[in-house]
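One structure is given below, encoded as structure tokens.
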Amino acid sequence: MSELTGSDMLIQSLASEGVEVIFGLPGEQIMEMLDSVARQKGMRWISVRQEQTAAYMAFGYARTTGKVGVTLVVPGPGVLNTAGAIGTAYATSTPVLLVSGQVGTNDLDKGGGATHEVARQVDVFKPITKWCYCVREVNEIPWAVRKAMSESKSGRQRPVEIEIPRDLLQASGQMDDGKPPEVASVAKPDKGQIGNAANLLANAKKPVIWAGGGVISSDATRELTLVAERLNAPVITTPEGKGAIPGDHPLLLGVFYSGYGPIPWTFPQADVILAVGSRLYSTPKAPISFREDQKLIHINVDPDDVGRYHNTHLGIVSDARDALGLLLEALPEKSKSTWKSEEVAEIQGKARKQLEDVAPLQLSLVRIIREELRADDILIPGVSNVPYWGHLSYPVLKPRSYLNSSYFATLGYAFPTALGAKVGNPDKRVVSLCGDGGFMYCLSDLATAVQEKINVVAIVFVDNAYGASIRDQHLRFESRVIGTELKNPDFANVARTFGAEGVKLTSPEELRGALRTALDKDMTTVIEVPLPTMQTPFW
């Protein structure tokens, strides 16, 4: 076994796990790691201007590639800046590895005021990671990397965190034999349960499929589409499940989000509902309910989520791809479904009309964006008005080409996430949709995009307000406006000062031409689009 410094152990261990890029920001406790990256053949380092961008880039990279995204930052203020992005990865079941530097082992958990010290820092990340660990001996480093990667990728994929004290980076030790760490195994689907599910579905008159983000995470889109076709079962997805079946497939009814979507015209008819890769969570404003005579089959890799919110007739703990593959084998060639194509088309039409009646401008912009993008181009919708309606109306033709922040609803995530997505998919065009409030979160990382030649298009919708919140004030608080009006810079001009392209539109109708030109130029571009404050799906 060869003897290496702790820093070299870390980077070589990451390389052996297939890591090709690390997103981070240099600082006192991690400089040895940066030097190891510089000497590691085939590994890229990308510096950012704020640590949350590094973690969001790792998140976007992971969501769009299926690989683990890696971010490396200093402890204390550096790692705390990543918390919003790591929480987003947790909410969306995304494999991200956060590597944090640490104070020296003699200062750990002492609270003595060492630079960047947070006593028991690892505890901060326990609620938003699947596994976290502070290394105490140099020879633990290779094991810790393998353990973190295995935990992140196995079962329900989620972020993990490891911390390495600065003195261990300089210390020498021996690489171990690479024995795989113990990781909780994922239950294989019970064939008896699969058989029961197949029998229920094959005999259903009005089967319906509910598809969540777990279908995307497990790369089960092919299997889900084949099951839907075999059953002649229409499909409803969550926003996270967009792409679980192609957006132009005749069996796709649409998305259920914040009370909008095809459920009111579908669930009352359904006799058997197959839910895959979703928690089936609902809010008081947009409840999901099932009749006692309806049969709910719930497939989820996380045993805690099976039957958590609704009574299930049959709960199956399994990876979506494994379960759907076995289900496809167990189903007969022909089902007893009575769904007619005319019925499905009618529900699709009702759902579209519902949206057009309340958000015609937003839907027209979403339509333009879809028409200008290729099938496998990537769209990152932020926490803003037009993206909200995009969850409901943007047809996703390929999996991993549309990302949202799930229940974390993280303001400011879209642009930095798009940067990571572009790094992972250099041959695809990437567009982020931001509001003016959210875009300001990581405006400084236009510098990162230009310096690293990460050519994305950022569409910034400007209403000079935190739009959803100011609308809430008008509707519920007698128009007492406080804290929601914004004084913005000229975003197009700011982009140009960074060396990017900046385009300032005078009306939303100009978006098509501006977007087409930006995509053809293949350079970092900000398109500023003026909009009024408009209705959201929430109020």
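In the set Met31, Met9, which member is outside the structural domain of Ala447 (by TED's automatic domain parsing) and either within 23 Å of Ser444 (Cβ to Cβ) or within 21 Å of the chain's Cα centre (by Cα) (or both)?
Exactly one of Met31, Met9 is outside the structural domain of Ala447 (by TED's automatic domain parsing) and either within 23 Å of Ser444 (Cβ to Cβ) or within 21 Å of the chain's Cα centre (by Cα) (or both), namely Met31.
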Which listed residue, of Val227, Val255, Val272, is touching a strand residue (DSSP E or B) at 6+ places or on another chain (Cβ under 9 Å) and either within 26 Å of Ala89 (Cβ to Cβ) or acidic (Asp, Glu) (or both): Val255
field: Complete set of residues in region 100-153 that are closer than 14 Å to Val79 by Cβ, surrounded by 18 or more Cβ atoms within 10 Å (Cβ to Cβ) and among the acidic types (Asp, Glu)
entry: Glu117
message: What's the number of the only condition in (1) surrounded by 17 or more Cβ atoms within 10 Å (Cβ to Cβ); (2) in contact with a Lys or Arg (Cβ under 7 Å, 6 or more places away or on another chain); (3) of a type outside the set (Gly, Ala, Ser); (4) not assigned by TED's automatic domain parsing to the domain that holds Lys428 that Trp539 fails to meet?
response: (1)
field: Cβ-Cβ under 6 Å pairs, at least 6 apart or on other chains, region 67-91 side assigned by TED's automatic domain parsing to the domain that holds Arg158, far side acidic (Asp, Glu) and assigned to a helix (DSSP H, G or I)
entry: Val73/Glu51; Gly78/Glu51; Asn81/Glu51; Thr82/Glu51
- request: Give me a count of the residues in region 424-467 that are farther than 17 Å from Val494 by Cα, surrounded by 23 or more Cβ atoms within 10 Å (Cβ to Cβ) and hydrophobic (A, V, I, L, M, F, W, C).
  value: 3
Test: Gly420 is assigned to a loop (DSSP other than H, G, I, E, B) and either touching a strand residue (DSSP E or B) at 6+ places or on another chain (Cβ under 7 Å) or not hydrophobic (A, V, I, L, M, F, W, C) (or both): no
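Only one of Val118, Val124, Val145, Val135 is at pLDDT below 90, under 30 Å from Ala91 (Cβ atoms) and of a type outside the set (Ser, Thr, Tyr); which? Can you show your working first?
Values: Val124 fails: at pLDDT below 90; Val145 fails: at pLDDT below 90; Val135 fails: at pLDDT below 90.
Being at pLDDT below 90, under 30 Å from Ala91 (Cβ atoms) and of a type outside the set (Ser, Thr, Tyr) holds for just one of Val118, Val124, Val145, Val135, which is Val118.
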- prompt: So, of the residues in region 293-346 that are among the hydroxyl-bearing types (Ser, Thr, Tyr) and over 16 Å from Ala198 (Cα atoms), which turns out to be nearest to the chain's Cα centre (by Cα)?
  reply: Tyr309
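The values are calculated or read from the model by the stated rules, or taken from the named source; none is laboratory data. None of these values were measured; they are calculated from a predicted model. Quick reminder, even Gly has a Cβ in these numbers, built from the backbone with ideal geometry, and neighbours come from all protein chains shown.
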